[in-house]
Amino acid sequence: MHEFCFVYKSDPVRGRQWAEVFHEQAPHIDFRIWPDIGDPERVRFLAAWTPPDDIATRFPNLEVLFSSGAGVDQFDFNALPADLPVVRMVEPGIVCGMVEYVTHAVLDLHRDMPQYRRQQQRAEWQPRQARLAADRRVGVLGLGSLGQAVLAQLKSMNFDCAGWSRSQHHIDGMQCYAGSEDLAGFLARTEILICLLPLTEATRGFLNAKLFKHLPMGAGLVHVGRGPQLVDGDLLAALDAGQIGDAILDVTDPEPLPAAHPFWSHARIALTPHIASMTHPLSAARVVLDNLRRFEKNEPMDGLVDRVRGY
Ligand code: NDP
Ligand code: OXD
């Protein structure tokens with residue numbers, strides 16, 4: 001007999017994999033995939049990328065909202081019941097995917113691959129002096145579950161690594177900068193900048209002309225946070241001025257960009273369609289089940305969002 005209902009409202013193909021894990025590991029839970037929600041009064045938990053607009057009235061007994069992704073900026077917190085706990089996705093699949101993507105992007109910039117691709121188009125055979133990773137200063141904006149994993153990988157490859165976050169962190173073998181007072185110093189030493197910040201009111205428009213000016217000339221940018229963090233016109237001007245050498249963008253605003261947007265055809269911009277990392281259904285479902293067990297025991301859930309901070 002099912003005790004209560006858990007509704008999944010996201011990609012239905014991945015939902016069927018969540019269902020397998022739930023049926024195997026938690027047969028007492030009535031796991032349902034939207035729009036098949038059964039009796040809404042029995043729904044205690046919802047996992048969604050975008051919850052329904054009428055979430056409060058539709059699910060009067062909802063106890064936790066899980067994001068099916070790492071970000072929660074797609075939620076309108078004002079439309080959610082004030083005391084509803086919101087949990088973002090922290091699962092090994094998302095972390096591994098992001099580590100792979102960013103490592104690939106950093107190596108691409110570090111080994112001058114964008115320049116060699118441009119040279120090939122001009123049939124130009126022109127070797128450049130290669131630098132070692134130990135001599136390349138890489139910096140990550142955001143020292144959360146993704147930023148820290150990315151830095152650990154880059155550090156293991158000998159890159160000269162640093163990170164910046166809101167509060168002070170202490171990570172072995174890594175220079176950690178914190179807060180607005182440390183930002184200019186962090187940027188001044190950063191030749192390849194990676195953005196892994198969540199989108200909040202404080203980070204909207206954060207990658208702008210003022211920030212770019214603090215970077216060394218010709219710095220590389222890897223943007224895997226959220227599109228609205230980047231001021232598009234400021235990036236184009238920084239590329240024109242040589243302030244930014246090359247940019248690799250996985251996120252844009254809007255997604256997809258309109259066909260006439262200058263990013264599509266810019267010689268110094270590489271675009272991917274928001275694929276840096278994805279939730280992996282089997283590990284995600286296990287992580288959510290683990291959080292449900294914590295919730296039932298009144299223990300803190302992994303990835304619990306601070307709704308005031310916005311992440
Ligand atoms: P976390 O919440 O674990 O970490 C966020 C980090 O950003 C923390 O270190 C936090 O600082 C820092 N931060 C937040 N606001 C500020 C600010 N105003 N100033 C300085 N630092 C700030 O997030 P994750 O690492 O799990 O994910 C980061 C983001 O990556 C997601 O929100 C999402 O937007 C993006 N993402 C993109 C994907 C893609 O495919 N492109 C896939 C998955 C995620 P502190 O430690 O002090 O709290
Ligand atoms: C996420 C994303 O937040 O895919 O998980 O960007």
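The values are calculated or read from the model by the stated rules, or taken from the named source; none is laboratory data. Remember, it's a predicted structure, so these values are computed and weren't measured experimentally. Reconstructed Cβ throughout: ideal geometry from the backbone, glycine too, with neighbour counts over all protein chains shown. What goes into the accessible areas is simple: the full protein's heavy atoms, side chains included, and nothing from ligands, DNA or RNA. Shrake-Rupley method; radii C 1.70, N 1.55, O 1.52, S 1.80 Å.
Some observations on this one:
- Residue match in region 87-101 (condition: away from ligand 2 (no atom under 12 Å from the Cβ), more than 30 Å from residue 160 (Cβ to Cβ) and modelled with pLDDT of 95 or more): yes
- The residues of region 55-75 that are away from ligand 2 (no atom under 16 Å from the Cβ) and open to solvent by 40 Å² or more (accessible area, probe 1.4 Å), listed by number, are 56, 57, 58, 60, 61, 63.
- Test: residue 243 is polar (S, T, N, Q) and more than 16 Å from ligand 1 (Cβ to nearest atom): yes
- Some residue of region 38-54 being within 16 Å of ligand 1 (Cβ to nearest atom) and surrounded by fewer than 19 Cβ atoms within 10 Å (Cβ to Cβ): yes
- Test: residue in region 143-162 that is closer than 30 Å to residue 265 by Cβ, over 20 Å from the mean Cα position of the chain (by Cα) and in contact (Cβ under 8 Å) with a residue 60 or more places away in the chain: no
- Test: residue in region 80-97 that is away from ligand 1 (no atom under 13 Å from the Cβ), open to solvent by 60 Å² or more (accessible area, probe 1.4 Å) and touching a strand residue (DSSP E or B) at 6+ places or on another chain (Cβ under 9 Å): no
- Number of residues in region 202-212 that are more than 9 Å from ligand 1 (Cβ to nearest atom) and either surrounded by fewer than 16 Cβ atoms within 10 Å (Cβ to Cβ) or assigned to a loop (DSSP other than H, G, I, E, B) (or both) equals 5.
- Residue count for region 47-63 under the criterion of being closer than 21 Å to residue 93 by Cβ and hydrophobic (A, V, I, L, M, F, W, C): the result is 3.
- Checked against the criterion of being over 13 Å from the mean Cα position of the chain (by Cα), modelled with pLDDT of 95 or more and surrounded by fewer than 17 Cβ atoms within 10 Å (Cβ to Cβ), the candidates 122, 137 yield just one match: 122.
- Residue 172, sole failed condition from (1) modelled with pLDDT of 95 or more; (2) over 20 Å from residue 200 (Cβ atoms); (3) open to solvent by 20 Å² or more (accessible area, probe 1.4 Å): (1)
- The one condition in (1) surrounded by 17 or more Cβ atoms within 10 Å (Cβ to Cβ); (2) more than 23 Å from residue 166 (Cα to Cα); (3) of a type in the set (A, V, I, L, M, F, W, C) that residue 199 fails to fulfil: (2)
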